[in-house]
Structure formats: C-alpha cells, structure tokens
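Everything below concerns the one structure shown next.
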Amino acid sequence: MTAKPQARVPPLVAGPVPLRDIRDWARSRLVDIVDSMVGAKAIIFDPEIAGTLGLIIPGAVLAEHGVEQMFILGENIDEPKARNIMYLARANILNAQRIATQIKAYTRLRHPHEYFVSFIPRCTCLCEKIIEEEGVKGDATLIEYPLEFVPFDDDVISLELEHSFRETSVEGDTTSLYIMARALAHLQSSFGPIPRVTGKGAAAEAVKNIFMKARIEMGLKDTEEGKIKRLILIDRAVDLITPLVTQVTYEGIVDEMLGIKNNVVTVEVATRAGPSEPKKYVLNSADSLHAEMRDVPWPHAAPRIREWAQKMKSDWRELNEDASSKTVSEIRDFTNRLMQLNLAEMHSNISDPVMKVVPTSKFQSRLQIERQVIEYGSLEEGCRHVEDLLFRGGDMMQILRLMCLLSVTNNGLPKKSCDNLRRAFLLTFGYENLVLLNHLESAGMLTLRAENRNPFPSIRKAFSLAIDIDAETGGDTGASAVAKDIGYIYWGYAPLSVRIVELALKQPRPKPASKETDSSQSTPSAPWRGRGADGLSLLPGPHFDVALGEHSQHGGERSKGPIGREGPEVVMVAFLGGVTFSEISALRFLSRLPNSNVKFLIATTRILNGNSLLQTFQEQKVDDLMKRARGML
Amino acid sequence: LKIPTDTAGEETVSLSNLRDRVVSQLRDCAAQYAKSRKHEFQSKSAEEFANLRKEQAKLQLSTGRNMFLSLSVIDTIRQCIRLGYNKGAADIRRQFGISDKHFYWVKVRTLAERGQWEGLEVF
C-alpha cells in the first residue's frame, strides 16, 4: 500500500489558520507557468526541491497539463523529446551554472526547443548575470516562481531551505533570513497584520527588521487586527542543544532512525516472498493513528502501537471469516475497518525497526549519557563515552552529535579534550573531515573553550532544562495525563527553544511604538520578566518584544479578559535555522495544556534532526544529492 | 583554506605521482595553517594527512595491492590486519601514536568481523 498522490497532502483545513489557500495559490501559480507554454513540456527539477514540490502539486496534475517528462537537474539526461523545456530551481549559483551549461549543450543538438527557466522564489541578479554571461539569455525565457512557505501539515509551514543554518553561521550568507522575513510578511496578506513581534537571537533581530520594512512597503493598515496575534522568532543559534538531543516522540524517533523527508518515510518491509523491499509511507495528521501518536514519547507510544498490532491480527481474522453475504451498510463498515487495518499495518511496519533498536543497550546508553551531560555537565564521562564509541566503531554522525553536545553544554571544550577527541575522530573517519570540523567550529557547535566561565549550569537552572520524568509521569503507571511540563516530550529534557517560547508567552504586551519614531530600531524593548528571564541574557544574541500599530492597546486589554471567551489566540513561532519534530510536538503539547489559551502555527526554514543538521556542514557530495532526489520523483 | 580531496577516490596513483601532487599540496596547506597560532590543530592534521598518504603509497608498493589510498588511519590498520600484514599495522600504529587501548579494540573488532579466531588466539 504505497501512498497515493492525493494522500501526500493533508486537507489543511483543521489548523489554527486555514493553510489550504497558501497551497492552492502556490499550485495555481505553478499551473499558470506550465500552461503558459504551448505544447508538450518537460520539467527539469532542482534536486533539492523536487520532493518538496510534491507537497504542492501531485505529479499527476502536472501530467494533465501536458508535462510529459520530468528530470532531475544535474543528471546526465538524453535530450527531452518535448518542445518546451522548463527548469524549476532555487535561485543559486550552482543551479544557474548547471542550467546554462545544459541549455548550451542542447542548442547544439538538432531539435529546436523553447527554454523556460523559473527561479524560486525570485530570479536574482546573480542568476540572471550567469545566464547572460554563459550566452544563453537569448535562448531562454526567465520567469519567477514565487514559492515561499510549503504547508507540511495543518500547523506546520516550511521554506525547506536545507542549508540555511550553515549559510548564516559559516558562510555569513543571510539570504535565507531575507526569504523568511519576506515570506512571513506576505502571510499577512492572507491572514491580516500581525500586531506583535517577539524574538531571541541575532537572526531573529535581522528577520524582525526586514519584516517591519516589508510591512511598510505592503502598506498594511495597522488598525486592522489579523488572525495571527503574535509572531515569535527563535534563532537556532540560541539553542543548539535541542537538535543534538535524541528525539523520543513517535514521529521524532522515526525521523531519527529512518528519516522523514517531505512527510515521507521509507521503510524496508519484509515480503512474504523473502527479500525485503523499500516502501514509502506518508505521515501527516490526515492519518488518525498518526495524529494520535506523533507527539507521544516512545515509552508511552510503544504499548499503544503493540495494542494496534494485536487488534489488527484479530480484526483480520474476523474480517476474513465473515466476508461473505453482506448488506450495503455492512460492506461500508467492512471497508472502513479495512482502511483502519491498512493504517495499523503501515504503522506497525514503520515502528518495527524502532521497536528493535530502542531496547538495545547501545541506544539506552546513548539516551543516558545525553541526560547526564545536560543534568550534570559530565565532561570527563562524556569524553570517555565518545572515545569508547570511536574505538568500538560507532556511527560517525552519532559520535559527532555527542561531541557537539559536550561542546555546547560546556561553553566549548578545554583544548586538551577538544584536540584529543578531534584527532581520534579524524584518525577513525579520515583527515578529509577536518573541513567538517572547521565548519562546526565556525558555527559554534564544536569549539575550543575561550574562557573558563561556563554559563550553561545557570542556563539549565534558569530554564529548568532537566526534569524529573518519574515525578512528571507518575512513575511507571503510564498516566500520561499527569504530565504538564514540556520535559515530558523529551522524556526528561525540556527543549530550551520551547522554554523561550513559554517565557515569551508570559510577557505582558509592550506599549506600541509611537508613530513618529522608526519603529524597528528606536524602541528599546522592555526587559523580559518571569522565571527564566535572567537566563535569557546568558544566551547569545539580543531579545526583543515589540507591539506594532495602534490597535495593540485594545488587544492588550482584551487579552486580560476572561480566558476562553474569544477562543485561543493564534501564535506563530518561526524557527530560523530549522526545527525538530519533537520541538513541534512540544509546542502542540503546550497548547493542549488545560490552562493554555494559544494555538501555534509553526514556521521554519526546514525540518531537521541532529544528523541532518550536521550533514549540512559536510562538503556536499553531488552523487548523494542525486540519489536522494531520484527517490523522490 | 581547504584540504585537497579531489583525489580521494583514486586508487591507482603511482608513488611518484603522489609525491608530486597531493602530499605537497597537503604540506602547503599545513604551512598555511601554521602561520596562525589558532590553527595549530589544523596544521598538525594536514601534516599527518600528508604522512598518511606517503605511508599508504609505501603499503601499496610493499603489498602489491592498490587498496590503501583514501582510507583513514584506522581503516589502513584494519586493511593491514585483514591482509595478515601485521608489520604494516604495527608501523602505522607507531607512527600515528595510536594508544594501546584503541589499537587492541580495532584489532579485535577486525579479526572478529572476519571470523579469524586463530588470529585472536595468538593475539
């Protein structure tokens, strides 16, 4: 039961704000571009976005509009037969060069083609210049496909800019922040002006400034109030700990072990015939079982999944026994149950490999050492653990993650331990990885300790990052209803990023900036108050909380009214540099707490986990990129 | 500064060729890094990388097999052990200062993976 194309995209109507329009708009724009070409077409995709576009438009719809062939840019492909050749690629140097080279090669061949090059989200001067200098500008029509946010689920939108964190932290390239700020500003034309912006971190500050300028450009009426009441910006550089910690929610752990890309997970499933074959499954909230389980930590999710598997077996038997002679309503019931069975089978296939790994001592000791490092610092013990993993032939990314976690929680590693670990790492995995280590150093993820002060214990205390999970869940009784702290989501660790969001939610509404002053720079933000506020200044980058426009005062008073009178407030949390599935789960958990009066819409530059974050710091191997992209089409 | 990795995939580089290109590039790289005190580790690593390439070329000559270039230090030792070339393994171990504990782990793992139990017995 592989996913049918329409199942890949959730209905997108049940979220805090309806996201369907965003997808429909992106889809119709793409269809318009395709329709503007007369005759048969071939599309050549940028490998990085081919899979993501599947969330916007199913391949079948493209075929209906005359797209006969689809290729991946950069692969050796025979000349397409179609008259129109359309390129769909992110605006970057590599893509522009590849496209120009390919068009040059094709124009030497016999068949005449029309070339359309659509850059996402805009055609930059640089790309245009490259196309021009390669001498193919006369042959190609340059267009723009202004794709910004791609809805991943009812409450998650992503730009899927894979390398955004590396680009901002290592290369100093802030294009992704600009794209994010514009995309956030543009959301206001669908959902109305956002009256308040709060944030932490240098990237957050930068995005806020561009966002405010874009507001002025868009000429938004500040007196209206939109559906989204607040925007909270979180810079990934402020919290590097969370992505390095192993996720244990159902969706998070599946992502850690199998990898979820564009909502699709690929699992090796044993067939009756013998050899296992890869199967692709779509994971989103349209699937009732997944919606129920995705945000639940593994220790509570596993028994439920086993229950399903049991029920599935007995249901099969039952359905097989009385499959004959049925009334229409009975048949309907039968098909419904069959669909439920299909879902249960899919989840049992997905969770099978996880079930096998979780009980192993290797995995358990990984969780244990992470908790220990967060709770006590345990530098020496951590280093010994890394060494042990290196000696015993552990997984490279796993080892690197732990090294980074040690560095981040110790304000950098002391020179001796740092050099020892880095050398052992290079001896094992090859000196060519020195480049990777250098990148991680520039990004502040694996650094030498510059000073002897380590603020992490104070940060841990101020934000209560370590949680006694037994007290939280009522021990082994499995009463998950007791849990009321986000530490439940990571089974003992409270994600710092979400703690900052919690703190931001508690801040009283600031006074709006007066009209005359330039709102972005000159209003000094009031200091944050409440538990954890003193920890905020220990984290890198500025923090701010500004109200925009005049209506905010009303809003301020109204929000003091009785809780629940107006229904929950929609808060958009934007992660700059990526977000993990478990952080999304933690935000959902927050909004479900009994005294909560918020609903979150999560915006991000991409969805990541520790491994995929570290991988972006590796020198890209073009072959790998191709292989991955091929799997997506 | 970048480490030249363009030849990482090649396995049949001749010794003379090697001495000319990659090794000297790596030495250059180490010298560049050495100009800054902050990059002591990088400089040392590039130097070690150059030495490794030289040792690997020697191993290719002495074993007559083109299966060492582009391996890491530990994988080079493992390759020697697999071939039963214990002297080669010991040389690399000495030159790169691999600790006893590390070396024995690597050796045990390698022999066990290959089911060379007699090798483990004489260990």
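None of the figures in this text is laboratory data; all of them are computed from the coordinates on show. Owing to the predicted nature of the structure, the values given are computational and were not obtained by experimental measurement. Ideal geometry is used to build each Cβ from the backbone, glycine not excepted, and the neighbour counts take in all protein chains shown.
Values as computed for the structure displayed
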{"item": "Neighbouring partner chain Cβ atoms per residue of B:40-53, average, 10 Å criterion", "result": "4"}
{"item": "Added length on full extension, which subtracts the Cα-Cα distance from 0.36 nm per residue, A:Asp419 to A:Thr107", "result": "107.0 nm"}
{"item": "Reach of A:Lys313 by Cα under 27 Å, taken over lysines that are not fewer than 8 positions away in the same chain", "result": "A:Lys4, A:Lys279, A:Lys280, A:Lys326, A:Lys356"}
{"item": "Shielding by partners, peptide A:435-447 (average Cβ within 10 angstrom, other chains)", "result": "1"}
{"item": "For A:Val269, residues with placed amide H under 5 Å, excluding near neighbours", "result": "A:Glu277, A:Lys279"}
{"item": "Eligible lysines near A:Lys227 by straight Cα distance, threshold 28 Å, same-chain separation 8 or greater", "result": "A:Lys200, A:Lys208, A:Lys213, A:Lys484, A:Lys506, A:Lys511, A:Lys515, A:Lys560, A:Lys599"}
{"item": "Nitroxide proxy distance, nm - points 7 Å out along Cα→Cβ at A:Lys221 and B:Glu118", "result": "9.1 nm"}
{"item": "Normalised alpha carbon radius of gyration of segment B:27-123 [divisor 2.2 N^0.38 Å]", "result": "1.22"}
{"item": "Residues A:His439, A:His543 arranged by fewest to most Cβ contacts within 10 Å", "result": "A:His439, A:His543"}
{"item": "Förster radius 41 Å - calculated FRET efficiency between A:Glu171 and B:Arg94, Cβ distance, rounded to 0.05", "result": "0.55"}
{"item": "Reachable lysines from B:Lys35, criterion Cα separation under 16 angstrom, eight or more residues apart if same chain", "result": "B:Lys2, B:Lys44"}
{"item": "Loop-resident sites, segment A:423-455, for GluC sites (Glu not before Pro), counting at most 15 other Cβ within 10 Å (DSSP)", "result": "A:Glu451"}
{"item": "Modelled FRET efficiency - R0 41 Å, A:Lys280 with A:Thr141, Cβ distances, 0.05 increments", "result": "0.75"}
{"item": "Neighbour-limited loop hits for trypsin sites (Lys or Arg not before Pro), segment A:98-150 (at most 16 other Cβ within 10 Å; DSSP other than H, G, I, E, B)", "result": "A:Arg108, A:Arg110, A:Arg122"}
{"item": "All-pairs alpha carbon distance profile, segment A:170-268, 10 Å steps from 0, percent", "result": "13, 33, 28, 20, 5, 0"}
{"item": "Relative packing of A:200-210, A:340-350, A:268-278, which averages over residues the other C-beta atoms within 10 Å, highest first", "result": "A:200-210, A:340-350, A:268-278"}
{"item": "Residues whose placed amide H lies under 5 Å from that of A:Leu608, excluding near-sequence neighbours", "result": "A:Val579, A:Thr580, A:Phe581"}
{"item": "For the protein assembly as shown, convex hull volume per residue from C-alpha positions, Å³", "result": "219 Å³"}
{"item": "Value at 222 nm in deg cm²/dmol, rounded to 500, when DSSP H runs of n ≥ 4 in chain A each add -39,500 (n - 2.57)", "result": "-14000 deg cm²/dmol"}
{"item": "Quotient of C-alpha Rg and 2.2 N^0.38 Å, computed over segment A:209-341", "result": "1.63"}
{"item": "Total charge dipole magnitude, chain A, about the Cα centre, Cβ charges on Lys, Arg, Asp, Glu only, Debye to nearest 20", "result": "560 debye"}
{"item": "10 Å Cβ neighbours from other chains, averaged over peptide A:419-429", "result": "5"}
{"item": "Highest-first arrangement of B:98-105, A:499-506, where packing means the average Cβ count within 10 Å", "result": "A:499-506, B:98-105"}
{"item": "Cβ-Cβ FRET estimate between A:Glu64 and A:Met355, R0 fixed at 60 Å, reported to 0.05", "result": "0.90"}
{"item": "Residues with amide H under 5 Å from that of A:Leu142, placed H, sequence gap 5 or more", "result": "A:Val117"}
{"item": "Stokes-Einstein translational diffusion, segment A:358-465 - Kirkwood Rh over all Cα pairs, 1.567 mPa s, 4 °C, in µm²/s", "result": "91 µm²/s"}
{"item": "Antiparallel %, DSSP beta bridges [both residues in the protein assembly as shown], to 5", "result": "30 percent"}
